Amino acid sequence: MSASILYIEDDHEIGGWVSEFLKDKGYEVRWQLSGEKAVEEAVACAVVILDVMLPGLDGFTIGQRIKKAYPGLPILMLSARTAIDDKLQGLEFADDYLTKPFHPDELAARLEVLLRRSVVKSAEPLRVKHLSVYEAENRIVNEDTGEETLLTGKQYQIFMYLLQHQGRVMTKEQIYESVWGESYIEGDKTLMVHIRYLREKLERDPATPEIIETVRGLGYRVRA
């Protein structure tokens, strides 16, 4: 199975030839002209290639959001900005930084390195009851059935946030503000609905959850 790449580049000429080059190399490429849906798209990808100069939010902001949502997902920054301050800013969260113009073979070589690192990281999945969680690949396998469990972007972010604080009770406010990046409004049912759908996909019996526990009056936790 070929690795899936999320490629965010607003320049049609550059985006076109890079996408075709990577497809010829055997990759599946999801090319986006902006980072508007980057976090949602990234959930199904093995690596992200991200331009810095984009319409709306810049690549640094988008990259930080992706890394916060999926800490194990490799990010390669592309930019015409060669100043050391720009590189350092990018490398605060990204795994590599390549300046334009670049040779396509160098891009391919750097991608292969990032993907090899990810495979090494995912060799030992995190076990949670009947689930195997491959964080570097953003992949969850139900060991009872041997099948992959597919989550939406928000569902995955919620689950990974709880996993990162495994055993601790996280409040609704903490979860919501981390995942949505907005202040929680008391009475908002959005998180509760996402938790319900998440349990339907992850739990053996959603009515008696073993993985995501509700702690009444406080919040939720993934049991250690």
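The values are calculated or read from the model by the stated rules, or taken from the named source; none is laboratory data. Not measured: the values here are computed from a predicted model. A quick note on method: Cβ atoms are made from the backbone with ideal geometry, for glycine too, and the neighbour counts reach across all protein chains shown. SASA here: full protein model, heavy atoms, side chains in, ligands and nucleic acids out. Shrake-Rupley method; radii C 1.70, N 1.55, O 1.52, S 1.80 Å.
Side notes on the structure shown:
- Distant-in-sequence amide contacts of Tyr7, defined by a placed amide H-H separation under 5 Å and a gap of 5 or more residues or a different chain, comprise Arg30, Trp31, Gln32, Ile49.
- Karplus-derived 3J(HN,Hα), 6.51/-1.76/1.60, for each residue of the range 77-92, Hz, glycine and proline x: 8, 10, 7, 7, 7, 9, 4, 4, 4, 5, 4, 5, 4, x, 6, 5
- Whole-Hz ³J(HN,Hα) from phi, Karplus 6.51 cos²θ - 1.76 cosθ + 1.60, for the range 59-65, glycine and proline x: x, 4, 5, 5, x, 5, 5
- Relative to the longest principal axis of the Cα atoms of the chain, helix 190-202 runs at roughly 90 degrees.
- Heavy-atom SASA rank of Ser183, Ser79, Ser34 (probe 1.4 Å, accessible area, largest first): Ser183, Ser34, Ser79
- Calculated accessible area for the chain comes out at 51 Å² per residue, all protein chains present (probe 1.4 Å; ligands, DNA, RNA ignored).
- Vicinal HN-Hα couplings computed from phi for the range 9-19 (Karplus, 6.51 cos²θ - 1.76 cosθ + 1.60; Hz; Gly/Pro x): 8, 8, 7, 5, 5, 5, x, x, 6, 5, 4
- Taking the protein heavy atoms of the range 2-120 in the context of the full set of protein chains, the accessible area attributed to carbon and sulfur is 52 percent at 1.4 Å.
- In the context of the full protein assembly, Phe93 retains an accessible surface of approximately 20 Å², using a probe radius of 1.4 Å and ignoring ligands and nucleic acids.
- Portion, in percent, of the accessible area of the range 124-220 that falls on carbon or sulfur, probe 1.4 Å: 46
- Percent of beta bridges antiparallel (DSSP, the chain, rounded to nearest 5): 45
- Computed accessible area, Met53, all protein chains, 1.4 angstrom probe, square angstrom: 110
- Separation of alpha-carbon centers, the range 54-114 and the range 188-224, rounded to whole Å: 35
- With all protein chains modelled, accessible area of Leu150 [1.4 Å, Å²]: 120
- Average Cα contact separation per residue, the range 124-220, under 8 Å, 6 or more apart, as relative contact order %: 23
- Among Leu22, Thr82, Ala69 the positive-end extreme of the charge dipole of the range 1-140 (Cβ point charges): Ala69
- Full-extension gain in nm, Ile185 to Thr82, via 0.36 nm per residue minus C-alpha separation: 32.9 nm
- Under 25 Å from the Cα of Lys68 - lysines, other chains or at least 8 residues apart: Lys37, Lys87, Lys121, Lys129, Lys154, Lys172, Lys189, Lys201
- For the range 124-220, the C-alpha radius of gyration sits at 1.05 times the compact-globule guess of 2.2 N^0.38 Å, with N the residue count.
- Within the listed set Ile211, Ile14, Ile75, the Gaussian network model of the chain (springs between alpha-carbon atoms below 10 Å) gives the highest mean-square fluctuation for Ile14.
- For the chain, the Kirkwood estimate of the hydrodynamic radius, built from every pair of different alpha carbons, is 18.6 Å.
- Fluctuation leader among Gln157, Gln32, Gln174 - the chain, Gaussian network, Cα springs under 10 angstrom: Gln174
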